[in-house]
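> A single structure is presented below for examination.
The values are calculated or read from the model by the stated rules, or taken from the named source; none is laboratory data. Just so it is clear, the structure is predicted and the values come from calculations on it, not from any experiment. Please note: Cβ atoms are built from the backbone with ideal geometry, for glycine as well, and neighbour counts cover all protein chains shown.
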Amino acid sequence: MNSFPWMMPRLRLVVLNVMAIGLASYAIGALSQELKIVLSGSQEIPPVTTTASGTATITVNADKAVTGNATIAGMAVTVAHIHDGAAGTNGPIILPLVKTADNVWSVPPGARLSDAQYESYKAGKLYFNIHSEAHRSGEIRGQIKP
């Protein structure tokens, strides 16, 4: 009935390889999507009353490489960081941000998360924190939620 029996094992192998490549590409793409974050004083611990605001983007690749930035309005930024800490808690600085334009603070080139920081990222336990002279522990904050 099958006039080309030798093709079946090869065809199965080709189909399985295409499926594996597709799944791997999907998994890598899902882990490296760009996230958008809104920063506000109400997310600070304790909450801060401010007219300042910000938006941020971040991409974390499967190899733990990080890119991103925060654009800030309504405040004079003294320093900006990404911290490790769940919503409602404060945590240590893991990535200092550098000023790259007026009101824009960016992840430094070549930044990578450690294994523990990557697990915190996947669990939604990292946040942007933007500091000012008036609010030295942070004026606006935005939780990173993959």
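> Looking only at region 126-139, filter to residues that are assigned to a strand (DSSP E or B) and hydroxyl-bearing (Ser, Thr, Tyr); which one of those is farthest from ASN90 (Cα to Cα)?
Selected residue: SER132.
> Okay, moving on. Condition first: surrounded by 16 or more Cβ atoms within 10 Å (Cβ to Cβ), part of a loop (DSSP other than H, G, I, E, B) and small (Gly, Ala, Ser). Now tell me which residues in region 28-62 satisfy that.
ALA52
> Same structure again: For region 63-85, what are the residues that are assigned to a strand (DSSP E or B) and on the phi > 0 side of the Ramachandran plot?
Of everything in region 63-85, just one residue is assigned to a strand (DSSP E or B) and on the phi > 0 side of the Ramachandran plot, namely GLY68.
> Further question on the same structure: Considering only residues that are in contact with a helix residue (DSSP H, G or I) (Cβ under 7 Å, 6 or more places away or on another chain) and either more than 9 Å from GLU139 (Cα to Cα) or of a type in the set (Asp, Glu) (or both), which ones fall in region 31-60?
VAL60
> Okay, next question. State the number of residues belonging to region 126-146 that are surrounded by fewer than 24 Cβ atoms within 10 Å (Cβ to Cβ), aliphatic (A, V, I, L, M) and within 16 Å of the chain's Cα centre (by Cα).
Residues flagged as surrounded by fewer than 24 Cβ atoms within 10 Å (Cβ to Cβ), aliphatic (A, V, I, L, M) and within 16 Å of the chain's Cα centre (by Cα) within region 126-146 amount to 1.
> If you don't mind, there's one more thing I want to ask. Can you tell me which residues in region 103-125 are crowded, with 18+ Cβ neighbours inside 10 Å and part of a helix (DSSP H, G or I)?
Residues satisfying the conditions are GLN117, TYR118, SER120, TYR121.
> Further, regarding this structure: Quick check on this structure: which one of ALA80, ALA76, ALA86 is loosely packed, with under 13 Cβ neighbours inside 10 Å and aliphatic (A, V, I, L, M)?
Values: ALA80 fails: loosely packed, with under 13 Cβ neighbours inside 10 Å; ALA86 fails: loosely packed, with under 13 Cβ neighbours inside 10 Å.
Matching residue, one of ALA80, ALA76, ALA86: ALA76.
> Need pairs with beta-carbon distance below 6 Å; first residue on the phi > 0 side of the Ramachandran plot and within region 33-62, second of a type in the set (Asp, Glu) and modelled with pLDDT of 95 or more; sequence gap 6+ or separate chains.
none
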